Amino acid sequence: MLKRGAFWNGRKYHLDKMTLRDLNKAYFAYPAIQVYLILGVLSAIAAVWLARSVFPLAISATAAVLIYPLVWYLLHRFVLHGSFLYKMRWSASMWKRIHFDHHRDPHDLRVLFGSLANTLPTIIIVTAPLGWMIGGPAAAAAALSGGLFTTCFYELCHCIQHLAYQPKLAFLKRIKRLHLAHHFHNESGNFGITNFFWDRILGTFYSHPREVMRSSTVFNLGYDEEAGKRWPYVAGLTENWGEGKCVPRTEEVTA
């Protein structure tokens, strides 16, 4: 396994200044990605080792992949974009790390990746019980493996969405445009990363910035100076609090 200190410690990675080749190196060197990949392989091996039939493994892994967009949508919309986490001292630093910092500086690769301490338990809680109900321990391992590899795919797509790179695939072009609108125009919609099905179903989808008003809280998620005075936990942890770090560029909103 590559050591974080050899590649990540003390270095800054800004996706708007990186190439696809730069991203590939940084992506596979990031410890959380390495953990997902290693555990994904080990879970798949365990599933095959414990299985009496391949059918429950396929069903549980598929179920994990299919439920992932809904779980991400609900967490993204109601937890990460909610206000309750920054109002409590014990959860403020977590919210700052896993989402506030990302919206404050959407190109900073260091805070784009999910925090392993939060993502891994979530993946396990969502996928393993689902697989267990379908086919016991072997299916639980298969579902976990499916969830871990899906997370790797989501993280890579998320990186590409913020990278200074125009994808050739129509799928990547589309999700990049929709996700950048979430970051640079209005954060109250387009909560999906690779899949916007639940945005359509639950009324938060917009295909172009002209369909919704520009949000004044797109970079602070509503945690402004007034909120900082009332609930100072995040403000006290934030360098240069009160100073804007990002200025939306026209091409990022309308591309």
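The values are calculated or read from the model by the stated rules, or taken from the named source; none is laboratory data. Fair warning: this is a prediction, and the values are worked out from it, not measured in the lab. Note: ideal-geometry Cβ built from the backbone for every residue, glycine included; neighbour counts use all protein chains shown. For accessibility, only protein heavy atoms count, side chains too; no ligands or nucleic acids. Shrake-Rupley method; radii C 1.70, N 1.55, O 1.52, S 1.80 Å.
Observations on the model:
- Residue pairs meeting the criteria (Cβ under 6 Å; at least 6 apart or on separate chains; first in contact (Cβ under 8 Å) with a residue 60 or more places away in the chain and of a type outside the set (S, T, N, Q), in the range 62-75; second part of a helix (DSSP H, G or I) and open to solvent by less than 50 Å² (accessible area, probe 1.4 Å)): 63/130; 64/127; 64/143; 64/146; 64/147; 65/146; 65/150; 68/150
- Restricting attention to the range 29-71 and to residues that are over 17 Å from residue 122 (Cβ atoms) and among the aromatic types (Phe, Trp, Tyr), the residue that is least open to solvent (accessible area, probe 1.4 Å) turns out to be 30.
- With respect to the conditions (1) assigned to a helix (DSSP H, G or I); (2) open to solvent by 20 Å² or more (accessible area, probe 1.4 Å), residue 127 lacks only one, and its number is (2).
- Verdict on residue 91 being within 12 Å of the chain's Cα centre (by Cα), surrounded by fewer than 19 Cβ atoms within 10 Å (Cβ to Cβ) and farther than 30 Å from residue 51 by Cβ: no
- Residue pairs whose Cβ atoms lie under 6 Å apart, separated by 6 or more positions or on different chains, with the first residue in the range 183-200 and assigned to a helix (DSSP H, G or I) and the second modelled with pLDDT under 95 and among the charged types (D, E, K, R), are 184/252.
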